[in-house]
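Let me begin by presenting the structure, written as structure tokens, before commenting on it.
The values are calculated or read from the model by the stated rules, or taken from the named source; none is laboratory data. Everything numeric here is computed off the predicted structure, so don't read it as measured data. Cβ coordinates were reconstructed from backbone atoms using ideal geometry, including for glycine residues, and neighbour counts include every protein chain displayed. For the accessible areas, the whole protein counts, side chains as well, though only heavy atoms, and no ligand, DNA or RNA atoms are used. Shrake-Rupley method; radii C 1.70, N 1.55, O 1.52, S 1.80 Å.
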Amino acid sequence: MTMAAREEALARIANPETKVFWEAAARGRLLLPKCTSCGRFHWYPRRVCPHCSSTTIEMHAAKGTGEVYSYSIMRRAKVPYAVAYVRLSEGTTMMTNIVDCDFADIQVGMPVKLVFRDSPEGYPLPMFTKA
Amino acid sequence: MSIKGRAYIAGAYEHPTRKAPDSSLAQLHAEVALGALADAGLTMRDVDGYFCAGDAPGMGPMSMVDYLNLKVRHVDATDTGGTSYLIHVSHAAQAIAAGKCDVALVTLAGRPRSEGQATGTAVRPLNPNQPDTAFESPFGPALANMYGMVARRHMHEFGTTSEQLAWIKVAASHHAQYNPHAMLKDVVTVEDVLNSPMIADPLHRLDCCVISDGGGAVIVVRPEIARSLKRPLVKLIGAGESVKGQLGGDVDLTYTGAARSGAAAFEEAGVKPGDIQYASIYDSFTITVLIQLEDLGFCAKGEGGRFVADGNLISGVGKLPFNTDGGGLCNNHPANRGGMTKIIEAVRQLRGEAHPKVQVPGCRLALAQGTGGSLGTRHANATLIMERE
Ligand SMILES: [Zn+2]
């Protein structure tokens, strides 16, 4: 993908509050927002802490590990896919896809690790595969 | 201020259509309004409060008030998806108690079937200004997946089974066989549900509600007006509403906002779950029913699977008759929003106007429960408790 095409894709997915997250994602890095007041991570990224309402949020590189909290396979799509909530090692839970593994192997509690994949539209997306 | 006893549901009407290719959206809203007013013994000239949600055409209350040429002094367009109409009834009671209106009209209508919407398997479009969608829509979370994840986690935590979920559909189908307007009138078995195609694990096709055109309306009035009409008196005695989301990343799919909306409604009404003789429970999917029954306190958390099994929700058979019109699973889910039909069937039960095969004898206390949005992400719940006076 050209730089220009990547920029266009980012413009379609990011807003001023989340631009830093998507720019990092384009470089293959998953950033997690962490509140410097209460010390907790949150998800999805925002500039106001949902736990304590502080506005002092820093972005931290995620460890890239976690476990499946729940999942569901979309069987009606042309190419079925696995939607999941992954509880990250940092303690916050994000929606994602489980990729590169048999649907039958996916279980609640399964350890997973981070991989980046491009969406068909060119968004770099944090996904997970069996650890 | 409590709404207990401050307002009555004087009119209720469910549009008989389930497919309306030759009707406009505004026309359907108008037809259900006329139906509910006729049911109450009132006319458009009596309406001074109007309530609608996102299914209404154009600019919501402005478009429909203009279409119907109403003279209103109170409007409310709260949109919390399928549960909007339960919230509208509660807000109408508040407005009546505050003297802001006397006769409130609430309408719902839509034509997703004629428009060919793939309600449960489509993915919401990405809008970067809606804060959550950029972090969800690219992963393809169809509505059925979101409820599938709720069901999967429930199975993991509590040992709930697909067979137990299937019993909810089985019970709804037992009721729908007596409803001439129901989309799906055939009685089904647990095996039928389990053998239907998988849509979004662990939910099968028969775990999902129907997609239907149509709508419904209710009329909420002040007590003196209710008593002047010739209809059985259905009194509002409790209401609650709540919104629950992902809790800043502390995602917990094991309970819903019904825990808060239900507790508030029961407290206001001064009754307990065990007192309820009939319950309309929002049934976009089978899991929607199971988890709300727990959250409302009809059984303990985690016991929902055992509670719904073996016909416990079938009228005349089990302890808690539910959705005796066939519900969204079999009868009707107009505009992809099942809240209105939940209110209407509760009103029928309290009036003794449900089908004789499913009528709860001497039904005096009923509950209607709504869910809007997605239990897997962010949703609204509302609870209404009604009493036959
Ligand atoms: Zn904080």
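Odds and ends about this structure:
- Residue check for B:Gly82: away from chain A (no Cβ under 14 Å), in contact (Cβ under 8 Å) with a residue 24 or more places away in the chain and open to solvent by less than 30 Å² (accessible area, probe 1.4 Å): yes
- Qualifying helices (runs of 4 or more DSSP H) (wholly inside the range B:141-230; at least 1 residues being over 28 Å from B:Ala300 (Cβ atoms) and touching a strand residue (DSSP E or B) at 6+ places or on another chain (Cβ under 6 Å)): B:223-228
- All strands (runs of 3 or more DSSP E) inside the range A:1-117 with 1 or more residues being open to solvent by 10 Å² or more (accessible area, probe 1.4 Å) and within 16 Å of the ligand (Cβ to nearest atom): A:31-35, A:57-61
- Test: residue in the range B:136-148 that is closer than 16 Å to B:Gly373 by Cβ and of a type in the set (D, E, K, R): yes
- Candidates B:Asp55, B:Asp102 - the one that is farther than 30 Å from A:Ile13 by Cα and away from chain A (no Cβ under 14 Å): B:Asp102
- Any hit, the range B:373-380, residues being within 12 Å of the chain's Cα centre (by Cα) and under 21 Å from B:Arg205 (Cβ atoms): no
- The condition of being within 14 Å of chain A (Cβ to nearest Cβ), touching a helix residue (DSSP H, G or I) at 6+ places or on another chain (Cβ under 9 Å) and touching a residue at least 24 places away in the same chain (Cβ under 8 Å) holds for only one of B:Ala109, B:Ala122, B:Ala144, that being B:Ala144.
- The lone exception for B:Cys330 - which of (1) on the phi < 0 side of the Ramachandran plot; (2) surrounded by fewer than 24 Cβ atoms within 10 Å (Cβ to Cβ); (3) out of contact with any strand residue (DSSP E or B) (no Cβ under 9 Å at 6 or more places or on another chain) it fails: (2)
- Scanning the range B:127-140 for residues that are at the interface with another protein chain (Cβ under 8 Å from one of its Cβ atoms), part of a loop (DSSP other than H, G, I, E, B) and out of contact with any Lys or Arg (no Cβ under 9 Å at 6 or more places or on another chain) yields B:Asn129, B:Gly140.
- Tabulated pairs, the range B:346-365, first in contact (Cβ under 8 Å) with a residue 12 or more places away in the chain, second open to solvent by less than 10 Å² (accessible area, probe 1.4 Å) and in a helix (DSSP H, G or I), C-beta under 6 angstrom, 6+ apart or interchain: B:Val358/B:His175; B:Val360/B:Gln349; B:Cys363/B:Gln349; B:Cys363/B:Leu350
- Whichever residue in the range A:118-131 is assigned to a strand (DSSP E or B) and more than 9 Å from every other protein chain (Cβ to nearest Cβ) and, among such residues, is nearest to A:Glu23 (Cα to Cα): A:Pro124
- Looking across B:Gly302, B:Gly274, one residue alone is more than 28 Å from B:Asn336 (Cβ to Cβ) and in a loop (DSSP other than H, G, I, E, B). It is B:Gly302.
- Being under 30 Å from A:Pro120 (Cβ atoms) and either in contact with a helix residue (DSSP H, G or I) (Cβ under 6 Å, 6 or more places away or on another chain) or within 10 Å of chain B (Cβ to nearest Cβ) (or both) is not true of A:Pro50.
- The listed residues are B:Val243, B:Val251, and the only one of them that is within 14 Å of chain A (Cβ to nearest Cβ), touching a strand residue (DSSP E or B) at 6+ places or on another chain (Cβ under 6 Å), assigned to a strand (DSSP E or B) and at pLDDT 95 or above turns out to be B:Val243.
Each row is one residue, and each column tells you yes or no for (1) open to solvent by 60 Å² or more (accessible area, probe 1.4 Å); (2) acidic (Asp, Glu); (3) under 23 Å from B:Ala118 (Cα atoms).
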site	(1), (2), (3)
B:Ser196	no, no, yes
B:Asp201	no, yes, yes
B:Gly214	no, no, yes
B:Arg227	yes, no, no
